[in-house]
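Here is the structure we will look at, set down as structure tokens.
The values are calculated or read from the model by the stated rules, or taken from the named source; none is laboratory data. Computed from a prediction, not measured in an experiment: that's the story for all the values here. Cβ placement follows ideal geometry from the backbone for every residue including glycine, while neighbour counts extend to all protein chains displayed.
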């Protein structure tokens, strides 16, 4: 898998979400300050509700902008044989003959990144799986909760 392409995929998704949230925040702000949203009586909360919504959306947009900056600052590198898993690693786990790929990123856990051919799920070092993987090497075992109970996974590759 191409880690640079996966990173670009994550940044692209975050930029699209940032544009969407920015537009929504501006729309809510416009609604909050619009003359037609003016309270008609003391119980009319339309403009105040819109203002709260705009503030929340603006805060979320700011968080997304921070995530974009963190991903841009991450320089994907190749991990050598026997190296420990850390931020920027592309990890493949194997259990019961099935493989799953995970990209250790600075933020935005849960996103699915694609390089056009393959997909990897973004995880962070603060997630339950990420905490188990940080410091592990190829061949190490991790226990991941499943619907039917914990399943033992082997670290197949660290790139």
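Some points to look at:
Yes or no, residue by residue, for (1) surrounded by 12 or more Cβ atoms within 10 Å (Cβ to Cβ); (2) more than 20 Å from residue 124 (Cβ to Cβ); (3) under 25 Å from the mean Cα position of the chain (by Cα); (4) modelled with pLDDT under 90:
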| residue | (1), (2), (3), (4) |
| --- | --- |
| 42 | no, yes, no, yes |
| 49 | yes, yes, no, yes |
| 73 | no, no, yes, no |
| 76 | yes, no, yes, yes |
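- Boolean, residue 68 is in contact with a helix residue (DSSP H, G or I) (Cβ under 8 Å, 6 or more places away or on another chain), within 16 Å of residue 6 (Cβ to Cβ) and surrounded by 14 or more Cβ atoms within 10 Å (Cβ to Cβ): yes
- Only one of 83, 31 that is at pLDDT 85 or above, surrounded by 14 or more Cβ atoms within 10 Å (Cβ to Cβ) and over 24 Å from residue 112 (Cα atoms): 83
- Within region 145-159, if we keep just the residues that are surrounded by 15 or more Cβ atoms within 10 Å (Cβ to Cβ) and under 21 Å from the mean Cα position of the chain (by Cα), the residue that is modelled with the lowest pLDDT turns out to be 159.
- Apart from one condition, residue 138 fits all of (1) under 22 Å from residue 11 (Cα atoms); (2) surrounded by 15 or more Cβ atoms within 10 Å (Cβ to Cβ); (3) modelled with pLDDT of 95 or more; (4) not assigned by TED's automatic domain parsing to the domain that holds residue 18; the exception is (1).
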